[in-house]
Structure formats: structure tokens, C-alpha cells
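S.K.: Handing you a structure now.
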Amino acid sequence: MTLDDATFDEIVNAHYAAVYRFAYSLAGQEEEAWDLTQESFAQLARKAAQIQERARVKTWLFTTLYRAFVDRCRRRSRHPEVAVTLLEEQLPAETAAPGERLDAAEVLRALNRLPDVFRAPLVLFYLEEHSYLEIAAILNVPPGTIMSRLSRGRKLLREWLTEAPTNASIPMAQILA
Amino acid sequence: MNPHRSKHERLLDARRPHGADDKAPPFAEALREASRDPAWARQLEAQREFDGELARSLQAVPVPDGLKAAILRQREENGPELEPLAVSVSAWFRIRLVALAAAAALLLGAGLRWMVLPHDSTFSAFRRVLVSEAWGGSQHLEFQSTDPHQVMAWLAAHGVATNLTLPEGLRGMRVHGCEVVEARGHRVALVCLGDGTKHLHLLMAQGLEMKGLPGPMAPDFERLGPVNTVAWRQGDRTYVLAGLKPQAFVTKFRKAGRWILSG
């Protein structure tokens, strides 16, 4: 695939937000998510010739980002746990409309509790509605394994997110209403 | 349990939240079977509601301002033919890399100076010379201390930066020490700061009068070779912060839509 400036601009416009959200869901912090996103598009600029058709660019970006994230985790001795307060500070208080059960902070908190092997497929599933076959290709994992991880991860999320609400889990919008 | 049901349940567990899979034959068959069991159908509907809420929440995660521009700018700066420096190296190679980096920093210093024309009296030229003076070489601190008050007192005693306090965005960082940098006839305070692996220089000059100074309390970003810099002015003081990526600067110095640049 050849990549002139106009095409690159179009691709960035179309995908940068979703790629960033994927990065943020994995990394849990804005700076690392920013770096991962920027690096993925930088690799696209360098290696566009490897992609055979434009329709595959989005999958390529997500795959590249995931590999970069895994590389970073391997280089660190431990993948750091992200403090709950850090996530809450970085999300707007008005994310949840009154009456909605889930807000972004709660969801990201719950996702962050999951092992990476569950978190990545679930984020791809919910964020971009990739099919389980696409997720298997992005993460380089057999489809059957992805189905298991989606099922088990979702079960855990549902348990955590649909428990009876405590004061800490009431969306801010409801408290302020 | 009916083995088909087990297989269909497993498949429907992987069904996408907004119906993209529903017409595909394996999913359509599984949905037909589920529709014949009211309890199962109710369970699927509840799952669909939960999935929809979760998808909406994730899709609402805000994307930081400036990211798109940074991606586009990086392509302009790097071009398609540059490859990133590999970072996954053994300790033995790492020592050699550090030595190479120090040598490169010295060359960078020389290179940046050569890039500035002698008669160019603008702030842009001054900034290049300043950063090259401050960033070149590994032994750059005349006074080493982790106590910010001692560092400020030393600078004041050496005739630069009286009443200097660290900008709020840098207060969480560890101070390493300071020195006085001479650039184009001006004496500039340099404070060396660290935060984990980050290594920053904050330079402050008083009473600069030259063309192209940054606006008051309006940061001006410029990348000088491999060094990210940002400059701003507060009163008669001009600051240059070297070594912090623009997005990290925004995170540290921008609160509730306003720049917090003062000390």
C-alpha cells in the first residue's frame, strides 16, 4: 500500500481515537497511551508497504499497538497497577448520564483488575466491535481461546460491575443531580 | 446438556453487542435455538444490555487534545525512511550505548551551535545555543543538591535567579542540582531535575530583550534535534524547559483549561 500525505491524514482521522482508547484501556495512563498510539502511527508511516490493502490498516494498527504494549510490559519487571485515583482524575466527572449504571471510570477500573490476556480481547470486543475471529488475528491467539477469554472475562466484569452499588460506585452525575 | 446448546452458548458468548454477527449462519442458527427457550432468550437480552452499556462507556473515554496533531507532525519530522533505535539490549551493550549517547550529545551541542548564524539575534537562535550548552556533556552541575531551597540559594548567590521558585508543574520532581550557563552574553540559571527515568533542564533568564520571545504565559514548543523544548515568559523571566515531551508538559502544566506556569 502506498501512503501519500493525504492518505495518511485520512487514516489518522479515521482511527486515531479508537487506537488511543485501546492503548488507554491497556496501559491505564494517558502518557503511555499517547506514546503507544503515536508509535503505532509512526510505524505505519514507515511500513505501509507491508500492508496489502487499505481495508487491513485498522487491524494492522491495533496489532502493532498490542505488540508494542506487550514489549513494554516485558521490558518492565512488573506491569504496574494503575492507581484508581489516577484513572478517576483523568476522566471527566460528567461521563455518566443520570440513570446509567456504568460510567467510564468504573468500567476502566474493572478492566484494570483483569489479567492482560482477558483485558485485551474484551477491549477490542467492546471498543471497536471486532469479531472474535478478528480479535484472534490481532492478538495472534487461536479463535477458540479468544472465545473462552471473552466468556470468562465478561463473566468477571459482570460480577464486578453489577454488584449492589456502594457510595464509591455511584456515578458522580447522580451525586451532583 | 445438549452438546449443540453448549456449542451455541459458547458461540453466542462471542456475539458482538450491536448485532453485527446476527445474520451470519452459525450465529443465526444459535439465536434460533435460543429463541425457543424463554429463559435463555431473557439471559441473552440481559447480556446484550450489559454489553451495550459497557461498549458505550469505553467509547466515551476522552482522547487528549493535540494527539492527532502530534501524530501528523511526527510523520513530517521523521519521514518514512527512518527506523527507531532498538531499545531492547543487554547490559553490556547498554554501557556502550550510554557512552555513544554521551558522545552524540557532545556532537549535538557542537552541531546545534553550528546551525546558528552568528548574526542571528532572535530568541530562536538563543534557545538553540542555550539548549546545546546545557545539554552537551555528562558533567554539567556546578552545585549538586537535592534540596530545592539550597539550589535556589546557590543560584541567587551567583547572581542569577533571585527569588526563583520551581513552577508548580515541576514540584513533584527530584532536584539534582544547578549551574550557571553562559549563552550569547547572558547568564542563565539551570536547574537539573529528575523524575524516574526522565531527566530535565529548566533554564531561566532574566531581562531578555530580543525578537521572537514567547508570549507571556503562552508556551512555545520546539524540538531541537532529539530534545523537546518548551519556552514561556512570566514577567521579565523567560523559561526554557528541555527534555519533556509536549504531551507530558500539557499534563503537568494545564489544569481546567488554563496554563499554570508560575511558581
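S.K.: For the range B:33-45, take each phi angle, set θ = phi - 60°, evaluate the Karplus expression 6.51 cos²θ - 1.76 cosθ + 1.60, and give the result in whole Hz per residue in order, putting x for glycine and proline.
M.R.: These are the phi-based 3J(HN,Hα) values: 5, 5, 5, 7, 10, x, 5, 5, 4, 5, 4, 5, 5 Hz.
S.K.: Work out from phi, with θ = phi - 60° and the Karplus expression 6.51 cos²θ - 1.76 cosθ + 1.60, the ³J(HN,Hα) of each residue of the range A:11-21, listed in order in whole Hz, and give x for Gly and Pro.
M.R.: 5, 4, 4, 6, 10, 5, 5, 5, 5, 4, 5
S.K.: How many partner chain Cβ atoms sit within 10 Å of a residue's Cβ in peptide A:66-75, on average, as a whole number? Provide the component values of the computation, followed by the final result.
M.R.: Values: counts 0, 0, 0, 0, 0, 2, 1, 0, 1, 2.
Mean partner shielding for this stretch: 1.
S.K.: Convert each backbone phi in the range A:115-123 into a coupling constant with the Karplus relation 6.51 cos²θ - 1.76 cosθ + 1.60 (shift: θ = phi - 60°), then list the ³J(HN,Hα) values in order as whole Hz, x for Gly and Pro.
M.R.: Computed from phi, the couplings for the range A:115-123 are x, 3, 5, 8, 5, 4, x, 5, 5 Hz.
S.K.: Same structure again: What's the exposure ranking of A:Arg74, B:Arg48, B:Arg16, going from fewest to most Cβ atoms within 10 Å? Mind showing how you got there, number by number?
M.R.: Values: A:Arg74 10, B:Arg48 15, B:Arg16 19.
So the residues, fewest neighbours to most, are A:Arg74, B:Arg48, B:Arg16.
S.K.: Report, by chain and number, residues whose modeled amide H sits under 5 Å from the one on B:Leu208, excluding near sequence neighbours (fewer than 5 apart, same chain).
M.R.: Result for B:Leu208 returns B:Thr238.
S.K.: Further, regarding this structure: Based on the Cα atoms of the range B:1-72, what semi-axes does the equivalent ellipsoid have, where each is the square root of 5 times one gyration tensor eigenvalue, given in whole Å with the largest first? List each step's numbers first, then the result.
M.R.: Values: eigenvalues 245, 36, 16 Å².
After scaling each eigenvalue by five and taking roots: 35, 13, 9 Å.
S.K.: When we measure straight from the Cα of B:Lys211, which lysines land under 30 angstrom away, once same-chain ones fewer than 8 places off are left out?
M.R.: Straight-line reach from B:Lys211, under 30 Å: B:Lys245, B:Lys252, B:Lys255.
S.K.: Still on this structure, please answer the following. Take every Cα-Cα pair in the range B:141-190 and report what % of them are more than 11 Å apart. Intermediate results must be reported in sequence, preceding the final value.
M.R.: Working: 831 of 1225 pairs.
That fraction is 68 percent.
S.K.: Okay, next question. Going by C-beta contacts inside 10 Å, put A:Cys73, B:Cys192 in order with the fewest on the left.
M.R.: Values: A:Cys73 15, B:Cys192 22.
Going from sparsest to densest Cβ surroundings: A:Cys73, B:Cys192.
S.K.: What is the average number of partner chain Cβ atoms found within 10 Å of a Cβ in A:1-10?
M.R.: Values: counts 0, 0, 2, 0, 3, 0, 0, 4, 4, 0.
That average works out to 1.
Taken together, the values in this text are just the output of simple stated rules run on the coordinates, not laboratory data. This structure is a prediction, so every number in the text was calculated from the model and none was measured. Reconstructed Cβ throughout: ideal geometry from the backbone, glycine too, with neighbour counts over all protein chains shown.
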